[in-house]
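Scroll down for the structure; my scribbles are underneath it.
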Amino acid sequence: MADKRVNVGFIGCGRVANNFFKAVTKCSTARLAAVSDIDEKKGREMAQKWDTDFLPVNEVCTSEKLDAIFVLTPMEHHYGYTVGALQNGKHVLVEKPVSFVADEIRHMIRLRNETGKMCVPGHNYIYLPELSRMKQLISQDEIGIPRWMFMSEIYRMPSELLGKYHGPTVEVLWHAVYLMVAFLGVPEQVQAFSSCFRSEQISSGDEQVMVNARFSEGALCHLFISWAVEDETTDPWTFKVKVLGTDGGLHFSRRDVVNQVMEGRPPWNYPLYDEMFEREVDYFINKCILEKQQPVSTMEDALQTLSIVEAIRTSMAEDRVIPIEGWCKDE
């Protein structure tokens with residue numbers, strides 16, 4: 001890093017890679033040095049578009065020109081690429097969900113510890129200043145004892161995009177559960193429901209997901225995610241977080257900042273969404289890699305989040321309340 005910039009490589013050039021590309025571009029201490037994709041044609045096209053090099057997927061983790069790897073592939077490939085990058089001395093940012101296999105996350109943690117390299121899960125919501133501030137204020141008892149939390153993420157996923165994703169239980173719920181844990185801790189029990197209106201396109205059957213959680217001291221949390229509807233009412237719940245305590249409360253909406261994509265008409269753009277990626281990349285590059293600070297969200301957090309998401313999935317499948325028996329810890 002002669003020019004004091006961290007050379008970043010992307011594995012995966014899908015939709016989320018566009019967000020990370022814009023974020024890396026805005027980070028003065030990072031440079032996108034190479035990209036890769038299992039679809040070589042697509043990878044080369046994006047490399048040309050982003051004015052960077054293309055590398056075959058079997059060469060990215062071993063490339064001496066790269067300091068850090070962003071694993072932006074579908075979930076099924078996260079483990080293999082993350083392990084390969086760590087074993088070759090690279091720092092890693094791996095998109096969520098890191099894995100749905102606890103032993104895979106444990107192995108990533110062991111490799112992180114053995115190599116001394118950073119391995120950070122993509123829980124990017126918490127890097128947004130407003131949400132980070134909420135976590136800090138709650139921990140400092142600024143609103144007293146938290147008694148209730150609500151979070152919603154609502155938008156109608158276009159039918160043409162449904163085939164590119166798993167359902168919201170995989171793609172979105174991971175974020176919501178991590179925020180719940182960051183704000184309130186680990187719940188005592190969860191109960192979850194799901195519904196689906198485009199089952200021919202969403203094989204997992206979870207176009208909408210509703211989770212209720214109860215904590216040992218009596219606090220309650222409600223999480224709701226929908227790809228079935230839009231909320232254009234007076235008070236839209238597109239992305240809303242609210243926490244109420246004995247001495248106060250906190251509120252955030254990602255629609256607090258809105259601007260137009262095209263002059264004079266919708267669709268609207270929500271800059272705070274892009275800012276989440278920018279803040280996450282900036283923290284990963286500057287705080288974690290260059291200053292060797294711990295990430296805001298750790299792989300241990302990913303392991304804990306997985307245990308709760310698995311309980312939620314079981315609740316939906318078996319239609320019953322599931323006790324959370326404890327944090328899935330590394331052995």
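Within segment 142-173, the set of residues being part of a helix (DSSP H, G or I), among the polar types (S, T, N, Q) and surrounded by 15 or more Cβ atoms within 10 Å (Cβ to Cβ) comprises just one member, Thr169. Just so you know, in segment 1-50 the residues that are closer than 18 Å to Glu95 by Cβ and among the basic types (Lys, Arg) include one that is most open to solvent (accessible area, probe 1.4 Å), and it is Arg15. Residues of segment 182-192 that are out of contact with any His (no Cβ under 9 Å at 6 or more places or on another chain) and either open to solvent by 20 Å² or more (accessible area, probe 1.4 Å) or of a type in the set (S, T, N, Q) (or both): Leu184, Gly185, Val186, Glu188, Gln189, Gln191.
The set of residues from segment 280-324 being open to solvent by 30 Å² or more (accessible area, probe 1.4 Å) and of a type in the set (A, V, I, L, M, F, W, C) comprises Leu290, Val296, Met316, Ala317, Val321. I need the full set of residues from segment 122-137 which are touching a Ser or Thr at 6+ places or on another chain (Cβ under 6 Å) and crowded, with 24+ Cβ neighbours inside 10 Å, in order please. Listed by number, the list holds a single entry, His123. Here is the figure for segment 202-245: residues that are touching a Leu at 6+ places or on another chain (Cβ under 9 Å), open to solvent by 20 Å² or more (accessible area, probe 1.4 Å) and within 14 Å of Trp148 (Cβ to Cβ) total 4. Is one or more of the residues making up segment 112-127 modelled with pLDDT under 95, farther than 20 Å from Ser307 by Cβ and in contact with a helix residue (DSSP H, G or I) (Cβ under 7 Å, 6 or more places away or on another chain)? Checked against the condition, which is being modelled with pLDDT under 95, farther than 20 Å from Ser307 by Cβ and in contact with a helix residue (DSSP H, G or I) (Cβ under 7 Å, 6 or more places away or on another chain), segment 112-127 yields at least one hit. The C-beta contact set for segment 23-40 (first residue touching a residue at least 40 places away in the same chain (Cβ under 8 Å), second residue surrounded by fewer than 17 Cβ atoms within 10 Å (Cβ to Cβ), distance under 7 angstrom, 6+ apart or interchain) comprises Thr29/Lys4; Thr29/Arg5; Thr29/Asn286; Thr29/Leu290; Ala30/Arg5. None of Leu86, Leu111, Leu66 is touching a Leu at 6+ places or on another chain (Cβ under 9 Å) and outside any helix (DSSP H, G or I) except Leu66. The set of residues from segment 114-141 being within 24 Å of Leu173 (Cβ to Cβ), β-branched (Val, Ile, Thr) and part of a helix (DSSP H, G or I) comprises Ile126, Ile138.
The values are calculated or read from the model by the stated rules, or taken from the named source; none is laboratory data. It should be emphasised that the depicted structure is a prediction, and the values quoted were computed from it without experimental measurement. All Cβ positions, even for glycine, are placed from backbone atoms using ideal geometry, and neighbour counts span all protein chains on display. To get the accessible areas, we keep the full protein, side chains included, count just its heavy atoms, and leave off ligands, DNA and RNA. Shrake-Rupley method; radii C 1.70, N 1.55, O 1.52, S 1.80 Å.
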